[in-house]
Amino acid sequence: MGLEMRVAAKILLIDKDPREGASLAQAMQAQGYAVTTTLCGAPALQALHSELYDIVVLCTCKPGEEGLSVLLRSREMQIDAQFIVLGEDGATETAVRAMQLGAADYVMRPINVRELLVRIERALERTIVQRELTYLRRRVQIDSFSGIVGQSAPMKRVFDLIERVAPTRARVLITGETGTGKEIVARAIHDLSPRRQRPWVPVSCSAVPEHLIESELFGHTRGSFTGAVAERRGLIEDAAGGTVFLDEIDSLPLPTQGKLLRVVEEGTIQRIGAHHDIPVDFRLIAASNSDLATQAEEGAFREDLYYRLNVFPIALPPLRERRSDIPILAVHFRDQASKATGLDPLDIPPHLLERMESYDWPGNVRELRNYIERCLIVSAGEHSMQALPLVPNGNGHSGPGLESAVDERWSLERLEEEYIRVVLRHTNGNRNRAAQFLGIDRRTLYRRIRELGA
């Protein structure tokens, strides 16, 4: 910890012995801390009430619970200070109770000054982390836009484009790498549009089998093909004045692209097996993680459909081009995961944030979100979020040399064995946490360890 950080840190020392208090204060001041000393009782409460401190070193002026009364009352006056309690040697029950009341640490007498200074420095680091995360939570509230989190220049540009196009009827083509949040942006456009009260219909074109995609989009009549036992409306009809979002539109077969082009141009659909047109009113937003312009030039995607879709393009930046957003995204996903799992929202230590910011995140925001959730689950019961094997080392790679594994033609069994070893190493051999991280139950992990000799 730098000297400038220590100079800024304010410590309140509450002691029953003025001579001991003066000696401890002198040692703290020699380390650059700004120290205020006071006696127990009313003077201590007055000092706690009049000013905010970073660290409070509190002597148990009386034995047992009564000696901790100042700690109990002072938590209401000091919003985020870390409390270090000085107690008598052997007073185990008092130490336990102090921690239950919110003390960050408990130091037994006789006081080892060097040890106390180390405890103070650790407590101050926790204070700084907590304040940084509080600041980041506020930034998340400020810098979120219709559910999209970010404050970087590239994301502000995206927010501006969303605001501009949302009130219009214009078709939008969203491009970006996998995991950049294309569906979230599309939903934001719908939610900010006059169609917000009408249906939102997302379709993952790659997830629907090729022989069923036309039926899904346009509907069909009874008996129009094997399995069509009843007449069925398509998803475009279901939109009924709302928005249809076609994700991974480049995976649409060329014949289906032609039929979609007709729908876009004429505003009508024809169900499979039917001979009459049905008027439809919907807004179309499409997305792709590939270069549709190049695909159109090469004949892999209909050029005329491409131009109909690309009325208003929005290109989403990959996470590596908006690294300044990683801290607020991490806190945002941590809070989401905490709410979903019921786990405590653990602190994200600064060194972990720095390592995350140095990574290229090939899976983008989605990869970061999943990583944060895994960290939270595996770190349950800890004081702060622990780093997992997928944390980057700054060169854009994660895990144990996957490129080397490919070059050396590792078998899947060998790769699994190495991965289990890495996870066990990073969970300090805790098989319960390792099983949680791997997404398997303990019995399965034990069996695989025995089989692989991991």
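The values are calculated or read from the model by the stated rules, or taken from the named source; none is laboratory data. Owing to the predicted nature of the structure, the values given are computational and were not obtained by experimental measurement. Backbone-built Cβ (ideal geometry, glycine too); neighbour counts: all protein chains shown.
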Quick one: which of 281, 250 is in the same structural domain as residue 192 (by TED's automatic domain parsing) and under 14 Å from residue 204 (Cα atoms)?
250
Quick one: in region 141-190, which of the residues that are surrounded by 15 or more Cβ atoms within 10 Å (Cβ to Cβ) and basic (Lys, Arg) is farthest from residue 291 (Cα to Cα)?
187
Does region 319-331 contain any residue that is closer than 20 Å to residue 172 by Cβ, at pLDDT 90 or above and not in a helix (DSSP H, G or I)?
no
So, of the residues in region 208-231 that are in contact (Cβ under 8 Å) with a residue 40 or more places away in the chain and of a type in the set (Gly, Ala, Ser), which turns out to be nearest to residue 289 (Cα to Cα)?
215
Qualifying strands (runs of 3 or more DSSP E) (wholly inside region 7-62; at least 3 residues being touching a strand residue (DSSP E or B) at 6+ places or on another chain (Cβ under 6 Å) and surrounded by fewer than 22 Cβ atoms within 10 Å (Cβ to Cβ))
34-38
With 234, 241 as the choices, which residue is in contact (Cβ under 8 Å) with a residue 24 or more places away in the chain and touching a strand residue (DSSP E or B) at 6+ places or on another chain (Cβ under 6 Å)?
234
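Kindly establish whether residue 287 is modelled with pLDDT of 90 or more, more than 22 Å from the chain's Cα centre (by Cα) and buried (at least 16 other Cβ atoms within 10 Å of the Cβ).
So residue 287 fits the description; yes.
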Of everything in region 82-108 that's part of a loop (DSSP other than H, G, I, E, B) and modelled with pLDDT under 80, which residue is nearest to residue 20 (Cα to Cα)?
88
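Any residue at all in region 265-281 that is part of a loop (DSSP other than H, G, I, E, B), acidic (Asp, Glu) and free of Cβ contacts under 8 Å to residues at least 40 places away in the same chain? Before the answer, list the steps.
Keep residues of region 265-281 that are part of a loop (DSSP other than H, G, I, E, B), which gives 267, 270-271, 273-277, 280-281.
Filter once more, keeping what is acidic (Asp, Glu): 277, 281.
Now drop any that are not free of Cβ contacts under 8 Å to residues at least 40 places away in the same chain, which leaves 277.
Yes; the residues of region 265-281 include at least one that is part of a loop (DSSP other than H, G, I, E, B), acidic (Asp, Glu) and free of Cβ contacts under 8 Å to residues at least 40 places away in the same chain.
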Specify the residue that is surrounded by the most Cβ atoms within 10 Å (Cβ to Cβ); the eligible residues are those in region 197-223 that are charged (D, E, K, R) and part of a loop (DSSP other than H, G, I, E, B).
198
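Determine whether residue 405 is among the aliphatic types (A, V, I, L, M), at pLDDT 55 or above and not assigned by TED's automatic domain parsing to the domain that holds residue 435.
Taking the combined requirement at face value, the residue does not satisfy it.
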